Each structure stands twice: as structure tokens, then as C-alpha cells.
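Below: the structure, in C-alpha cells.
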């Protein structure tokens with residue numbers, strides 16, 4: 001799986017990294033139970049600071065998407081295990097709310113937003129198969 | 001004999017210096033990163049051509065003059081070696097001077113043409129590249145290290161039989177020409193030096209393995225092949241040098257213990273064979289790495305993006321300083337092989353630590 005970062009973007013690098021790893025899991029490139037590269041290896045490959053990768057991994061851990069196990073590193077958690085935990089839906093819908101609000105303010109209508117939402121879900125599932 | 005060795009090394013040096021612009025990554029010209037679309041620029045091609053032509057013709061001229069001088073003037077061996085070495089430095093100095101000149105010109109051309117300023121700069125990595133890495137594991141080095149320790153042990157058992165004068169240097173005729181008094185330390189000094197070198201090689205192998213696999217955003221496939229080829233062949237080449245060194249030094253130690261083990265012809269030819277194998281090995285290495293990924297790199301490159309411009313981290317295009325990058329070694333920008341990340345102190349320890357021990361041991365015995 002290719003990870004592509006834009007160091008000059010307004011989005012912090014660790015957030016870009018987190019988003020791409022989540023997308024990699026959603027599309028099935030990174031399967032549950034698989035280990036992510038070590039912090040040092042990924043930082044060296046990307047030529048970024050180890051703290052950046054570390055911050056991203058901890059963010060993923062906080063979201064419950066990976067678990068950081070001493071010695072074996074960062075492992076993608078099984079979907080079932082993640083979905084059994086409470087609070088994920090609230091967190092995600094809360095994060096979605098300002099984006100939808102902004103979409104309405106800039107003049108996108110409900111139909112457009114719904115269409116786009118379906119197309120994104122379709123995209124992510126398509127790559128998997 | 002000395003003349004043959006000198007001529008071979010001079011020819012080898014001239015050849016490699018001439019070929020460098022064509023063996024490095026196509027998107028780095030004289031140490032300046034150039035976006036994929038501009039890499040085939042006519043002016044840059046002319047810079048490379050001029051560099052190679054000048055290095056080649058001036059070195060060839062120096063070598064021919066040197067050869068005629070030795071044949072007609074019949075100089076003493078000391079004078080011959082001195083002049084040959086001076087010419088080696090001359091070739092290195094010439095190519096460095098030309099490098100700096102063209103580095104400046106390339107950087108200026110990039111600035112005035114505003115190359116890549118409208119492209120989005122990205123950094124990429126392939127998470128699956130690490131699983132394709134074919135570098136040798138660290139434990140293969142245990143084999144030459146075991147040989148060293150074995151010969152050390154054998155020397156200890158034969159201590160009484162060793163001569164009172166231990167050879168420390170061998171002349172071009174294969175006979176020892178410098179000696180030191182026998183002592184428990186002096187009899188194994190060469191083996192301690194060998195041991196340190198082996199440790200250094202092992203450390204470099206591991207540090208290289210942990211250093212980043214750098215992939216180019218415009219040509220991910222071709223650059224992955226090149227990086228993996230560079231890693232694989234440098235680890236093989238390093239191991240080859242380590243094994244050869246072990247064989248040579250272990251053999252010399254055995255000839256010290258058992259005088260007359262090898263006749264003069266063998267002693268004379270051995271270092272030459274050693275040198276030839278290393279030279280041929282390095283040519284194979286340079287060509288393998290220099291041409292790796294060329295085939296995969298012929299298709300269209302990714303549009304609208306380019307690699308993150310690291311020119312600021314590369315002082316004069318030669319010295320890499322990046323304190324964010326945990327890599328200890330990175331691929332050279334001008335030349336085939338590796339250079340150290342000067343902002344990472346671990347690299348200094350790895351290179352200077354063993355050298356310091358070697359110097360200490362050599363001068364204290």
C-alpha cells in the first residue's frame with residue numbers, strides 16, 4: 001500500500017498519515033491482525049520525524065482502530081472487537097456535523113451530499129474486492 | 001608489479017568518475033533534484049556530457065603520460081608509487097572541481113527556469129516494500145567472525161613457536177619489510193583490527209537495513225526496484241569484502257606462525273587477486289544499481305506531483321543533514337552507494353568508533 005504525504009499542506013502530517021492508514025484498513029489493504037511497520041522504519045522510509053509517526057499511531061490507538069502491543073508493535077484490531085465498543089458512532093457523527101454544516105453553508109444540497117456519501121462508501125468497498 | 005597495480009587502479013578510478021552522471025538517479029543531476037518532466041532537459045544533458053568528456057580525456061592523458069614516463073624514464077619504485085598516488089588525487093580533485101562547477105550551474109538553471117514550482121510536493125512510501133528487502137541478515141557475519149576468533153585461539157596455542165620479530169607490513173614483493181617485537185598483544189594485533197572491521201561491517205549492514213527505503217513519487221515502481229537493488233547488492237558486496245579481508249588476514253597470520261607455508265609467488269599474487277576481485281565486484285555493483293529500474297521507468301510518470309524537494313538538506317549536493325530523518329545512511333546523490341546522515345550522531349559512532357579502536361591497538365603494540 002502506497003502512503004502519500006504532502007508536507008506543505010495545512011493538514012498536519014500525522015493527521016494525513018492517520019487518515020491514510022484508516023483508509024488502508026477500510027479498503028482492505030491492511031487486514032485485521034496485520035502489523036503496521038515499526039515507528040522507526042516508517043519514519044525512515046518517509047524521512048519524517050519519529051514523533052510524527054508515533055503521534056499518528058497513538059491517535060489510531062485512541063480511536064480503537066489499532067492496538068499497540070509491547071515488542072510486537074502496532075496491530076490492526078479485528079472489526080468485531082472494534083464495533084463492540086461504545087462511543088464510536090457518537091464520535092464520528094459529531095465529527096461529521098461541522099462538515100455537513102459547512103457543506104450546507106456553501107450551498108450544497110441534501111441530494112448532492114447524499115450522493116457523494118454513497119459514492120465514497122462505494123469507492124472504499126470497491127477497492128477491497 | 002607496482003606499475004600494473006597503479007595502472008589498474010588509475011584506470012578504474014578514471015572510469016568510475018567518468019560514468020557517475022549516468023549511474024545516479026535520473027531525477028538528481030549534479031546533486032540537485034530535478035522534477036521528472038525536466039530530467040531530460042538538453043542543457044542538463046550537455047552538462048553531464050561535458051563533465052564526463054573532460055574527466056575521461058584529462059585522466060586518460062595523465063595515465064598515458066604516466067605510463068610513457070615509467071617506461072622511458074625507468075623511475076625508482078618509491079618515486080613511481082608517489083607519482084601514481086598523486087595522479088589518483090589529481091583525478092579525484094579534477095572531478096570534484098568539475099562537480100562543484102556543474103552543481104552550481106544546475107542549481108542556477110533550476111532556479112531561473114522555476115522548475116517544479118507549480119507541482120505539488122509529496123513524500124511517498126510503499127508499506128509492502130520492506131517485505132521485499134533482500135539484505136543479508138546480520139548473523140552471516142558470525143561466520144567470518146568465528147574464523148577470526150579461531151585463528152586468535154590457534155595463535156595463542158602456537159605462541160611459543162612464533163618468531164621473536166612479528167611482521168607488520170609486507171612489501172610489493174610479498175616479503176615482510178617491517179617488524180615489531182613479540183608480545184601477547186602484538187601477535188594478535190592484525191586479528192583485533194580484523195575483528196573491529198568485521199564488527200563495523202555488521203553494524204553498517206544493520207544500520208543500512210534500518211535506514212529508509214526512499215521511493216520517488218513520480219516513479220514509485222522504478223525507484224522501488226532501484227532502492228531494493230542498491231540495498232541487496234551493497235549488503236552482498238560488503239559481505240564479499242569482509243570475507244576476502246578475513247581470508248587474506250587469516251592467511252597472513254598463518255604464514256607468520258608457520259614460516260614457509262606459502263612461497264613468495266603466492267604472497268605476491270594474493271593481494272593483487274584480492275584487489276582485482278574487489279574492483280570487479282564494485283564495477284558489477286555500480287552497473288547493477290546504476291541500471292536497476294530503468295526498464296520499469298520507461299512508462300509515463302505521475303502527473304502534477306513531484307518528490308519533496310530535499311535540496312536544503314543536501315549541502316552542496318553531497319552532505320545530507322536531516323535531523324528529522326531517523327535513517328543513518330541514505331543513497332548518495334552523486335555516486336553509487338551510500339552516504340551518512342550527518343545530523344544523526346549514531347552514524348559517527350558506527351564509522352569512527354571502530355576506526356578509533358583500530359588506531360589505538362595499532363599504535364599501542
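Please treat every number below as a calculation from the coordinates, not as lab data. The model shown is predicted, which means the values in this text are computed figures rather than measured ones. Every residue, glycine among them, receives a Cβ derived from its backbone with ideal geometry; neighbour counts consider all protein chains shown.
A few comments on the model shown:
- Theoretical FRET efficiency, 1/(1+(r/R0)^6), r = Cβ-Cβ of residue B:168 and residue B:143, R0 30 Å, to 0.05: 0.65
- Each of residue A:91 and residue B:114 was given a label point 7 Å from its Cα along the Cα-to-Cβ line. The distance between the two points is 4.5 nm.
- Counting only alpha carbon atoms, the long axis of helix A:88-105 and the longest principal axis of chain A meet at about 50°.
- Neighbouring Cβ atoms from other chains, within 10 Å of the Cβ of residues in B:317-328, number 3 on average.
- For region A:1-79: rounded, prolate or oblate by the Cα gyration tensor [a/c cutoff 1.5]: prolate
- Percent antiparallel among DSSP beta bridges (both partners in the protein assembly as shown, rounded to 5): 85
- Taking label positions 7 Å along the Cα-Cβ direction at both residue A:72 and residue B:248, the computed distance is 4.7 nm, reported to one decimal.
- Measuring r between the beta carbons of residue B:269 and residue B:72 and using R0 = 35 Å, the FRET efficiency lands at 0.80.
- For the peptide B:118-125, the mean number of other protein chain Cβ atoms found within 10 angstrom of a residue's Cβ is 6.
- Note on region B:204-222 and region B:265-315: Cα centroid distance 14 Å, given to the nearest whole angstrom.
- By average C-beta atoms within 10 angstrom, highest first, the peptides A:112-124, B:292-304: B:292-304, A:112-124
- Across peptide A:35-44, the mean count of Cβ atoms from other chains lying within 10 Å of each residue's own Cβ comes to 5.
- Fully extended contour minus Cα-Cα distance, from residue A:110 to residue A:63, at 0.36 nm per residue: 14.1 nm
- Residue with peak Gaussian network fluctuation, chain B [Cα springs, cutoff 10 Å], from B:35, B:137, B:220: B:137
- Cα gyration tensor category, rounded, prolate or oblate, for the protein assembly as shown with a/c compared to 1.5: oblate
- The peptide list B:155-162, B:1-8, B:189-196, put in order of mean Cβ contacts within 10 Å with the highest first, becomes B:189-196, B:1-8, B:155-162.
- Relative to the longest principal axis of the Cα atoms of chain A, the long axis of helix A:50-62 makes an angle of roughly 60 degrees.
- Global form of region B:117-158, assessed from the alpha-carbon gyration tensor, a/c cut-off 1.5: prolate
- With contributions of -39500 (n - 2.57) from each DSSP H run of at least four residues, the per-residue ellipticity at 222 nm computed over chain B stands at -21000 deg cm²/dmol.
- Segment residue B:81-residue B:283, length gained on full extension (0.36 nm per residue, minus Cα span): 70.3 nm
- Between residue B:352 and residue B:175, the modelled label-to-label distance comes to 4.2 nm, taking each label 7 Å out from Cα in the direction of the beta carbon.
- The simple Förster model, with R0 at 22 Å and r as the Cβ-Cβ distance, assigns residue A:9 and residue A:100 a FRET efficiency of 0.45.
- Restricting the calculation to Cα atoms, region B:244-321 yields a radius of gyration followed by a Dmax of 23.0, 70 Å.
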